[in-house]
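The values are calculated or read from the model by the stated rules, or taken from the named source; none is laboratory data. Predicted model, so just to flag it, every value in this text is computed and none were measured. Ideal geometry is used to build each Cβ from the backbone, glycine not excepted, and the neighbour counts take in all protein chains shown.
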Amino acid sequence: MHIKRKVEAAQRFEINPELDRDAIRREYDEVGRVRIYGLLSVGAVELYEHLCERDDWIHLVCTDDGILELDPEDKARLSAEEWAKIEARGHERVRGDFQYRYHALRVPPPDEERGRTDLVTQFARAMRSDAMLDLLRDVTGYDKLSFADGQATAYDHGDYLTGHDDGVEGKNRLAAYVFGLTPYWRIEYGGLLLFHGLNDRTVEGNVPRFNCLDLFKVPQQHSVSVVTPAAPHRRYAVTGWLRGGD
């Protein structure tokens, strides 16, 4: 399949120098998570526009047989009846299993990035730059934090992610992040980043926002609520984990 990609010059992503690191660090230490508004002083608008322009998003759906990956052509080939079946089975799985459906643009590992200039890849590099890792170590207190990975995500009508804690043995995940790139969003649209209370009896939620980094310790039970048909556009973000080790 031929995918049109826009070749782009190197983009600078600059951290906002006015962030109150002491206040951010205190909240993370006390609560185990923090929301950093206005993370970047340069680059957020360009990255958002890039995500809106990309036409090669992969729709990921968890199924009984593994992860179904639908590129735009695959999705177009499905009949309405075939998609309705996939959707209905996903709703059944939500009742008792870990389940998700959302769109993604994956970033290759660093040793496979050579020659790539798209802004998603450039932002992934910025997330593991010395300046960003210094900020993240400062906020989290994890001196052994050495790497950040990520992918772009887009939640469209009906997309969701059920509860999980990101704790996977051997992955060295110290914290998770969601860099929000959604310029306007109401609570009623869904797509909220939800943090679950003990035994799922309570919940606290963060509404999607623009140029906003949600950072939280791993393991920590969380989910993304279903995006409703009221949403005027997709919920965009770059998400990933902060890791220790090599």
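Among the residues in segment 32-49, are any acidic (Asp, Glu), in a helix (DSSP H, G or I) and at negative phi?
Pass one, segment 32-49, residues acidic (Asp, Glu): 46, 49.
Filter once more, keeping what is in a helix (DSSP H, G or I): 46, 49.
Now restrict to residues that are at negative phi: 46, 49.
The answer is yes; a qualifying residue exists.
Condition check ((1) modelled with pLDDT under 95; (2) basic (Lys, Arg); (3) surrounded by 12 or more Cβ atoms within 10 Å (Cβ to Cβ)) across all residues:
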residue	(1), (2), (3)
Arg101	no, yes, yes
Leu105	no, no, yes
Pro108	yes, no, no
Gly115	yes, no, no
Ala126	no, no, yes
Leu133	no, no, yes
Leu136	no, no, yes
Ser146	yes, no, yes
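Of all the criteria given as (1) surrounded by fewer than 16 Cβ atoms within 10 Å (Cβ to Cβ); (2) in contact with a helix residue (DSSP H, G or I) (Cβ under 9 Å, 6 or more places away or on another chain), the one not satisfied by Arg186 is (2).
To keep it simple, each residue is scored yes or no on (1) surrounded by 18 or more Cβ atoms within 10 Å (Cβ to Cβ); (2) in contact with a Leu (Cβ under 8 Å, 6 or more places away or on another chain); (3) not small (Gly, Ala, Ser).
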residue: Asp22; (1), (2), (3): no, no, yes
residue: Arg25; (1), (2), (3): no, no, yes
residue: Ala44; (1), (2), (3): yes, yes, no
residue: Leu47; (1), (2), (3): yes, yes, yes
residue: His50; (1), (2), (3): yes, yes, yes
residue: Thr63; (1), (2), (3): no, no, yes
residue: Gly66; (1), (2), (3): no, no, no
residue: Leu70; (1), (2), (3): yes, yes, yes
residue: Lys85; (1), (2), (3): no, no, yes
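Can you confirm whether Glu18 is at pLDDT below 95 and in a loop (DSSP other than H, G, I, E, B)? Taking the combined requirement at face value, the residue does not satisfy it. Close contacts from segment 206-229, counting a first residue that is more than 15 Å from Arg186 (Cα to Cα) and touching a residue at least 60 places away in the same chain (Cβ under 8 Å) and a second that is among the small types (Gly, Ala, Ser) and part of a loop (DSSP other than H, G, I, E, B), with Cβ to Cβ under 7 Å and a gap of 6+ residues or different chains, come to Asn211/Gly38; Phe216/Gly32; Lys217/Gly32; Gln220/Gly32.
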